[in-house]
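J.: Starting off with a structure, shown below.
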Amino acid sequence: MITKAIKQGLTLAVVMSFLVGCSGSDTKPVENTTTGTAVTDTSASEATLSNVVYFDFDQYALTAESRAVLLAHADKLKGASVAVRLEGHADERGSREYNMALGEKRANAVRDFLVTQGVNGSSLEVVSFGEEQPAATGSDESSWSQNRRVEVKY
Amino acid sequence: MRYIISAFLFVFALSANAQNIVFVTKGIDNPTKIAVVPFAWTGARLPEDIAKIVGNDLEFSGQFEATDPERMLAFPRAEAEVHYRDWKALGSEYLLIGSITQQAGRYYASYELFDVIQQKRVFAKLTVDGTEAQLRDMAHHISDKVYETITGVRGIFSTKLIYVEAFKKPQKYRLMLSDIDGFRPRMLLESRYPLLSPVWSPNGQRVAYVSFEAENKPAIYIQDIATGRRQQMTNFRGLNGAPAWSPDGQKLAMALSKDGNPEIYVMNVLTRQLTRVTNHFAIDHEPSWAADGASLFFTSDRGGKPQIYQVNLASMQQERVTFDGDYNARARVAPDGKSLVMLNKRPGTTHHIAAQDIKSGNLRILSETNLDESPTIAPNGAMLMYATRSGGKGVLAAVSLDARVKILQPPKQGDVREPAWSPFFN
């Protein structure tokens, strides 16, 4: 999963630098403005930090990969007063309501982990969407594995 | 607020006569063959074909095969015109004839049933009446009468269905009410946010469901079906899910995680007083009342995998009920209280609908499709519907409890899911 996160991060960085390049050539060849530099820097520093962690089928225990991702979020959130919403999701298999509970258990597992890492629990809101909002719509293992997730939303 | 609330709700905005879901019936082993003769009518073409609706209803039950009118040798309108040999030649075991008259804006449908094998009239002429808008109701009434006369079991053709229809791009959810054959769909509610878990009140006048319309978080609502008037019943932190009416209609069992973990609660609908039923660190969810109202069945993964448990509400004693399979969830109790219908998966297979005899524990798989869920049982206990997927879409399927019949209902538009079969209305 961490390789997936890195890939997504890198893609984002590439797209961002492409966009910055485009806007540079589109408009007058103004020198690197401070805002332009700031954008590139932000995307580079957050390139490896995925906002999604994934789970095994019918499980709500955090994987080692998920913990690594969440440690980085905890570092960012510690001492910060930013409100974060943890949205839990499940794949389409099984009971729709039970999947609501599964999504919540997953989001709770993320919250509990962040709290043990020193994040203020009152800034973390948990909500489950069960199988209602899949990230991938296929009915196959590759879609399902993308849907069993918690999204960390700043 | 980070989440701007703009609830997008219409009540009763949409009404249509068309069928929203279509049936595909698979043949069964040995259905009773019945000829339903087109009803005699002398006026201008009627908006509904009563004989055709009756034939479709009876076939929907899985226990009948309707004789094709194109093959009929005669169209008798009265007993004097019935020649049994015509119907024996077609293999029909029963014959239903009828006629329609109109008087002062009302329609009167009279009908008679004959036993072709015994060559005798089964019941004398009966009449049902109604307005033009009630022609389908009249047809379903006739189907009920014929079904009950021949099988000895009360017919379900005048009952209704509530289901959820979901649309993508833009995301929208509709709570729909229709006849049990899918015709006359009517929208009860539309929302941009998820709607799920509709259940009928035992008197058939209200529906409870979960809606995410408030701040994109789940809450339980009750809606009066006739007036559309709604009340929000819960607004707790976390999960507010799986409402289930007690058999006397005075309580709602539900799952709440307000204390940190999904647990079963019972709420008094009038006073809204809450009683906590379970207390376990695992998931406790999806309560369903036993027929006598004295206990609840619920899903719990306290044993590592989801299984059905039963809790006695007087003693609060709990015991595991399902042992066949590594996934048993969302139980519904059959009207006679003797069996459970639920979502079941055995190791290495996909999820199917299964029925378990409560006393013996014997479990039978009822469905053969993939990704099956949300079974709902007809109030006569003879059939059930469930949600499955076909052609990439959510569809409803129906099966008789003896597992002989499978009927798929592909939707025209959105994903159809979570069917809830109404109780009898009188």
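J.: For residues that are out of contact with any helix residue (DSSP H, G or I) (no Cβ under 7 Å at 6 or more places or on another chain) and more than 12 Å from chain B (Cβ to nearest Cβ), scanning just the stretch A:111-121, find the one that is nearest to B:Arg237 (Cα to Cα).
T.: Of everything passing the filter in the stretch A:111-121, A:Asn120 is nearest to B:Arg237 (Cα to Cα).
J.: State the number of residues belonging to the stretch B:224-250 that are crowded, with 21+ Cβ neighbours inside 10 Å and outside any loop (DSSP other than H, G, I, E, B).
T.: Counting residues in the stretch B:224-250 that are crowded, with 21+ Cβ neighbours inside 10 Å and outside any loop (DSSP other than H, G, I, E, B) gives 6.
J.: Counting only residues that are touching a residue at least 40 places away in the same chain (Cβ under 8 Å) and polar (S, T, N, Q), which one in the stretch A:65-110 is farthest from the other protein chains (Cβ to nearest Cβ)?
T.: Per the stated criteria, the residue is A:Ser66.
J.: Further question on the same structure: Applying the selection to the stretch B:166-183, what residues are modelled with pLDDT under 95, in contact with a strand residue (DSSP E or B) (Cβ under 6 Å, 6 or more places away or on another chain) and either basic (Lys, Arg) or more than 21 Å from B:Phe60 (Cα to Cα) (or both)?
T.: B:Ala166, the sole residue that qualifies.
J.: If you go through the stretch A:42-51 one residue at a time, do you hit one that is under 22 Å from B:Ser300 (Cβ atoms) and at pLDDT below 95? It would help to see each step written out before you state the result.
T.: Taking the stretch A:42-51 as the starting set, the residues that turn out to be under 22 Å from B:Ser300 (Cβ atoms) are none.
Checking the stretch A:42-51: not a single residue is under 22 Å from B:Ser300 (Cβ atoms) and at pLDDT below 95.
J.: Right, next: Any chance you could count how many residues in the stretch B:211-255 are of a type in the set (A, V, I, L, M, F, W, C) and closer than 18 Å to B:Ala331 by Cα?
T.: The qualifying residues number 7.
J.: Identify, please: which residue in the stretch B:208-247 is among the acidic types (Asp, Glu) and under 22 Å from B:Pro419 (Cα atoms) and is, among those, farthest from the other protein chains (Cβ to nearest Cβ)? Let's see the steps before the verdict.
T.: To start, the set of residues in the stretch B:208-247 that are among the acidic types (Asp, Glu) comprises B:213, B:215, B:224.
Now narrow it down to the ones that are under 22 Å from B:Pro419 (Cα atoms): B:213, B:224.
Numbers: B:Glu213: 13, B:Asp224: 23 Å.
The qualifying residue farthest from the other protein chains (Cβ to nearest Cβ) is B:Asp224.
J.: Continuing with the same structure: So, of the residues in the stretch B:368-382 that are surrounded by fewer than 24 Cβ atoms within 10 Å (Cβ to Cβ) and under 21 Å from A:Asp91 (Cα atoms), which turns out to be modelled with the highest pLDDT? Outline the logic, then answer.
T.: Filtering the stretch B:368-382 down to residues surrounded by fewer than 24 Cβ atoms within 10 Å (Cβ to Cβ) leaves B:368-371, B:377, B:379-382.
Those left that are additionally under 21 Å from A:Asp91 (Cα atoms): B:368-371.
Values: B:Glu368: 78, B:Thr369: 78, B:Asn370: 78, B:Leu371: 84.
Here the answer is B:Leu371.
J.: Sticking with this structure for a sec: Determine whether A:Thr116 is β-branched (Val, Ile, Thr), surrounded by fewer than 19 Cβ atoms within 10 Å (Cβ to Cβ) and within 27 Å of B:Asp326 (Cβ to Cβ).
T.: Numbers: β-branched (Val, Ile, Thr): yes; surrounded by fewer than 19 Cβ atoms within 10 Å (Cβ to Cβ): yes; within 27 Å of B:Asp326 (Cβ to Cβ): no.
Judged against the criteria, A:Thr116 is not a match.
J.: Which one is farthest from A:Ser95 (Cα to Cα), of the residues in the stretch A:137-153 that are within 15 Å of the chain's Cα centre (by Cα) and more than 9 Å from every other protein chain (Cβ to nearest Cβ)?
T.: As a first pass, look at the stretch A:137-153 and keep what is within 15 Å of the chain's Cα centre (by Cα): A:145-153.
The next check asks that each one be more than 9 Å from every other protein chain (Cβ to nearest Cβ); those that pass are A:145-152.
Values: A:Ser145: 17, A:Gln146: 18, A:Asn147: 15, A:Arg148: 14, A:Arg149: 17, A:Val150: 19, A:Glu151: 21, A:Val152: 24 Å.
Out of the qualifying residues, it is A:Val152.
J.: Something else now. Residues that are in contact (Cβ under 8 Å) with a residue 12 or more places away in the chain and within 29 Å of B:Arg237 (Cβ to Cβ): list the strands (runs of 3 or more DSSP E) wholly contained in the stretch B:113-223 that include at least 3 such residues. Quick ask: steps written out before the conclusion?
T.: On the way: elements: B:120-130, B:160-167, B:172-179, B:186-191, B:195-200, B:206-214.
Per the criteria, B:160-167, B:172-179, B:186-191, B:195-200, B:206-214.
J.: Test each condition in (1) in a loop (DSSP other than H, G, I, E, B); (2) among the aliphatic types (A, V, I, L, M); (3) crowded, with 21+ Cβ neighbours inside 10 Å for A:Val110 and report the one that comes out false.
T.: (1)
J.: With the requirement that a residue be aromatic (Phe, Trp, Tyr) and under 18 Å from the mean Cα position of the chain (by Cα), what does the stretch B:201-220 give you? Full working, then the answer.
T.: Keep residues of the stretch B:201-220 that are aromatic (Phe, Trp, Tyr), which gives B:209, B:212.
B:Tyr209, the sole residue that qualifies.
J.: Something else: Restricting the search to the stretch B:256-297, which residues are among the aliphatic types (A, V, I, L, M) and either more than 12 Å from chain A (Cβ to nearest Cβ) or without any contact (Cβ under 8 Å) to a residue 12 or more places away in the chain (or both)? Can you show your working first?
T.: Applying the first criterion (among the aliphatic types (A, V, I, L, M)) to the stretch B:256-297 yields B:256, B:264, B:266-267, B:269-270, B:274, B:277, B:282-283, B:290-291, B:294, B:296.
Within the stretch B:256-297, B:Val266, B:Met267, B:Val269, B:Leu270, B:Leu274, B:Val277, B:Ala290, B:Ala291, B:Ala294, B:Leu296 meet the criteria.
J.: What's the total number of residues in the stretch B:298-327 that are within 12 Å of chain A (Cβ to nearest Cβ), over 21 Å from the mean Cα position of the chain (by Cα) and assigned to a strand (DSSP E or B)?
T.: So the count comes out to 5.
J.: Give the stretch A:122-136 a look and list any residue that's closer than 18 Å to A:Gln59 by Cβ and either within 11 Å of chain B (Cβ to nearest Cβ) or of a type in the set (D, E, K, R) (or both), or say none. Spell out the reasoning first.
T.: Here is the first cut: in the stretch A:122-136, the ones closer than 18 Å to A:Gln59 by Cβ are A:126, A:128-131, A:134-135.
Once the filter is applied, which keeps residues that are closer than 18 Å to A:Gln59 by Cβ and either within 11 Å of chain B (Cβ to nearest Cβ) or of a type in the set (D, E, K, R) (or both), the stretch A:122-136 yields A:Val126, A:Ser128, A:Phe129, A:Gly130, A:Glu131, A:Pro134.
The values are calculated or read from the model by the stated rules, or taken from the named source; none is laboratory data. Since this is a predicted model, take the numbers as computed values, not measurements. Every residue, glycine among them, receives a Cβ derived from its backbone with ideal geometry; neighbour counts consider all protein chains shown.
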